[in-house]
Every structure is written in C-alpha cells, then in structure tokens.
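In what follows, a structure is listed as structure tokens, so that the remarks can point back to it.
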Amino acid sequence: MNFDLSAEQRRWRDTAREFAREEIQPRAERLDREQKFPYDITAEMAKLGLMGLTLPEEYGGSGGDFVAYNLALEEISRADTSVGITMEAHISLGCSPIAAYGTPEQKEKFLASCATGERLWAFGLTEEEAGTDAGGTRTTAELHDGQWKINGSKKWITNSGTDITAGVTVMARTGTREDGRAELTAILVPQDAPGYTRGPAYEKLGWRASDQHPLYFEDCRVPQENTLGERGRGFRQFLATLDGGRVAVAALSVGLAQACFDEAIQRAKERRQFGRSISEFQAIQFKLADMAMEIELARNMVLKAAWLRDRGRNFSREASMAKVFASETAKRAADQAVQIHGGEGFMEGSAVARYWRQVKINEIGEGTSEINRQIIARSMLREESAEEAREKTAAQ
Ligand SMILES: Cc1cc2nc3c(=O)[nH]c(=O)nc-3n(C[C@H](O)[C@H](O)[C@H](O)COP(=O)(O)OP(=O)(O)OC[C@H]3O[C@@H](n4cnc5c(N)ncnc54)[C@H](O)[C@@H]3O)c2cc1C
C-alpha cells in the first residue's frame, strides 16, 4: 500500500493551498457578510485550471484525477466553503455529467466554455415535492416537432443565476415506466432558452457567497438534441453523479473541519487563564486530539473513495461513508472550536462562529446523512445476502 501522493496530485494540492491562503481566506469573512458572488476569485481559479480540474483537456479542462480534485477542494474549502461549493457544484454536478454522457456535439457546444471555468453549468434536480425523493419530480418535458417543451420549477440550484452561468441540466419527467415509476430524462437548458427564468437568490445560513436560485420553466423550448444521454436514463445518471458529488462534499467538509482545527489550536496556544496557556489543560488537549484524529480519518476516507473512483472501481458505499463521517466530523470540529474560543467564539466576526453556522449544510446537500446511512446499510445487507447465497450454493 502506498500513501504517497503523485507529483501531479501534490502540485494541484499546493496550487489550491497557496491560492486559498493568499486570495480567499483573507476575504472569507467579508464575502460571507456581503453575500456577494466572488467573480474575480472564480476567474482566477479558472486561470489556474482549478475550475475544470477533472474535466477533459480536449474541451479545455485540466484532465486531473479525482484524488487531485478532492485534495484541491479541501484546500479551497479550508479557506471558504462558499467558494468550495461553487467549484464542487460546477465540476461534480454541472460539468461531469456532460463529460460522461454528452455527445461530441453537446460537449463542443456546452462543455467547451465551461470546462475552462470561464462559464458555469448547474444541475437542477430538487423541487418543491422532490427533495430526497427524486421520483417525486413534477417538472415535465414533452416532445413536439423535435423540441422539448419543459414545464415546472426547481429550487436551491447552485450556480444557476450568476452572470457567467451558461445553463443548467434539468431532470424532467418524460413519461411513466412500466412499473408505474416516473421516467426521468436529463435535458441541457442554456441560460437564454425561451421560457426559462430564475427567481431571486436565497438568504442562507451558510455558503452565503455562493449562488442559488429557484428556476421556472414555462413552455420552455430546447431542441431534442439537448437530451443528455438516453431518454429515461436520468435516474441512473443522477445516482452516478451524486456518488462523485458525495466524495467532493466530504472533501469540502474535511477542509472546513481543518479550518476549525487551525483556529482552535491557535487560540488554545494564545489564550491564557489561571496564569497558563489553556493549551496546557488536559481538557483542551483532548479536544484537539479528538479533532485531529477524526480529521485524519475523514481525509483518509475521502482519499480512499476518490482512489477507487480513479481506478474505475465501485465506490458508492465508500462515497456515502466518507460523506456522513466527514460532514459529522466537521460539525463536531466546529462545535469544539467554538468551545475552545469560549465567548469569543460566539461573537460576529469570529471565524469559528462563521464555521459553526456554515457547517450544517454539509449534512444535507447531495444526500442527507439519513439517506447515506441507508445506502451504506443496504449495501452491507446486500453483500451479506450474496455471501449467504454463495455459501448455500457451495454446500449443495
Ligand atoms: C444551499 C443549497 C444548495 C443546493 N444545491 C442544489 C443543486 O445545485 N441542485 C439540486 O438539485 N439540489 C440542490 N440542493 C438541494 C439538496 O440536494 C436537498 O436539500 C437535499 O437533497 C435534501 O432534500 P430536502 O431538503 O428536500 O429534504 P427532504 O427530502 O424534505 O428531507 C427532510 C428530512 O427527511 C429525511 N428523509 C427523507 N426521506 C427519507 C427516507 N426515505 N428515510 C429516512 N429519512 C428521510 C431527510 O434525511 C431529512 O432529514 C441544495 C440545497 C441547499 C440548501
């Protein structure tokens, strides 16, 4: 077993770390306060190749592997998870499905401007009645004379309304399958498609410098050629998309947990009580030790899931495990970081207060902890049943 990163992976991690430390971290508090999307930061990240890190070089992406992407995402999120989620939603949710399922024409038309990061692409699945249960999708698409006519709405869609957004992949109900379930199809909708509009941005508890809007489709028309992959394969596509997304949200959580640790250890060394640094108290040392152990474990889980994906192996269970553990690690780390800061950690302007507010969404977005625990348990149960069946066959 080799835990060493390749030179290329180290290069991506270090590029992201340096940029995050110098250009993002000093502005994170203000970005959160002003709730403004940082166009200049996104443009700089595009120039560095970070906004297209795993996307094909043929279309202007950086062609990096999934391990490198998650290492970079951790570093960006360590400085600001708002910027982290902008990068993650663009690469994992927006562009990766086009790279995986798009035709050469679709890639030329939609991916080429986005793989460089100059433009952004969004992924619209969630609706009023369809959160965890994507089968509840109400948005419909009907074919008329070679054109899809889309009607319905989506909500909370990341990167959907910036000045540089090029479009969104919409998951729509295009019929009913034989088993009575919804037939879902992914359709590429450019920003200027007739009948497509967006509502105002949301006020949020965290990720406040990232961009989310409700989307409205009223007889929105796009050509049939904008179908992404096969008609009716949308459900499978989005499951695969979310597997990758879950690893990335886990990396984002590790970055945030690390930021909490960075602040906590600094404060522990500086703060004096009873004539001593509070870092000399065992109660504080144990908190730091627990944080460090959990972060190390969460990071290893992210890297293992990413490594499996890079080798084309099944990584669905590991993705869910990493997502649950890393997001809950980040929550505990944020809580302990505030505790170590005492009252100072409760004040507006304190970095750990901001982290404590921001951390919750990691347990919700791209599959809640409940649903990921179900995925893990079901995959273990399936494996057990398969094992039992094998034993029975061997005994016969
Ligand atoms: C800031 C932000 C950005 C987002 N960006 C995007 C985006 O870019 N694209 C997109 O499509 N979506 C996006 N989302 C939506 C996000 O993916 C959903 O919030 C998430 O999937 C959960 O859905 P929900 O919020 O409707 O919760 P619900 O599905 O209503 O769940 C509520 C609770 O019930 C539990 N629950 C539901 N079903 C079950 C079950 N079967 N068993 C046990 N427990 C269950 C859940 O775990 C949760 O605790 C975003 C959300 C936010 C807040």
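The values are calculated or read from the model by the stated rules, or taken from the named source; none is laboratory data. Note that the structure is a prediction, hence the values are computed from the model and not measured. Cβ sites come from the backbone with ideal geometry, for glycine too, and all protein chains shown count toward neighbours.
Assorted remarks:
- Search result, residues across the stretch 140-167 that are in contact with an Asp or Glu (Cβ under 9 Å, 6 or more places away or on another chain), among the hydroxyl-bearing types (S, T, Y) and either within 11 Å of the ligand (Cβ to nearest atom) or not in a loop (DSSP other than H, G, I, E, B) (or both): S153, T158, S160, T165
- Cross-chain or 6+ apart pairs with Cβ under 7 Å, the stretch 147-159 first and on the phi < 0 side of the Ramachandran plot and touching a residue at least 60 places away in the same chain (Cβ under 8 Å), then within 7 Å of the ligand (Cβ to nearest atom) and in a strand (DSSP E or B): K154/G124; T158/A122; T158/Q212
- Filtered residue count, the stretch 299-331, keeping only those that are farther than 17 Å from Q258 by Cβ and part of a helix (DSSP H, G or I): 13
- Any chance G365 is farther than 13 Å from G255 by Cα, within 16 Å of the ligand (Cβ to nearest atom) and either basic (K, R) or part of a loop (DSSP other than H, G, I, E, B) (or both): yes
- In the stretch 97-128, residue farthest from K154 (Cα to Cα) [restricted to those that are in contact with a Gly (Cβ under 6 Å, 6 or more places away or on another chain) and within 13 Å of the ligand (Cβ to nearest atom)]: W121
- For the stretch 168-179, a residue qualifies if it is at pLDDT below 95 and either in a loop (DSSP other than H, G, I, E, B) or surrounded by 16 or more Cβ atoms within 10 Å (Cβ to Cβ) (or both), and the qualifying residues are R177, E178, D179.
- Enumeration of residues in the stretch 346-358 that are touching a Leu at 6+ places or on another chain (Cβ under 8 Å) and either charged (D, E, K, R) or more than 13 Å from the ligand (Cβ to nearest atom) (or both): Y355, R357
This table checks each residue for (1) over 30 Å from F238 (Cα atoms); (2) touching a helix residue (DSSP H, G or I) at 6+ places or on another chain (Cβ under 7 Å); (3) among the basic types (K, R); (4) modelled with pLDDT under 95.
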| residue | (1), (2), (3), (4) |
| --- | --- |
| Q273 | yes, no, no, no |
| R276 | yes, no, yes, no |
| M291 | yes, yes, no, no |
| M301 | no, yes, no, no |
| R317 | no, yes, yes, no |
| E363 | no, yes, no, no |
| E366 | no, yes, no, yes |
| R378 | no, no, yes, no |
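- Residues within the stretch 368-380 that are near the ligand (Cβ under 6 Å from one of its atoms) and either within 14 Å of F315 (Cβ to Cβ) or hydrophobic (A, V, I, L, M, F, W, C) (or both), tallied: 1
- Test: A72 is within 22 Å of K304 (Cα to Cα), surrounded by fewer than 18 Cβ atoms within 10 Å (Cβ to Cβ), hydrophobic (A, V, I, L, M, F, W, C) and away from the ligand (no atom under 16 Å from the Cβ): no
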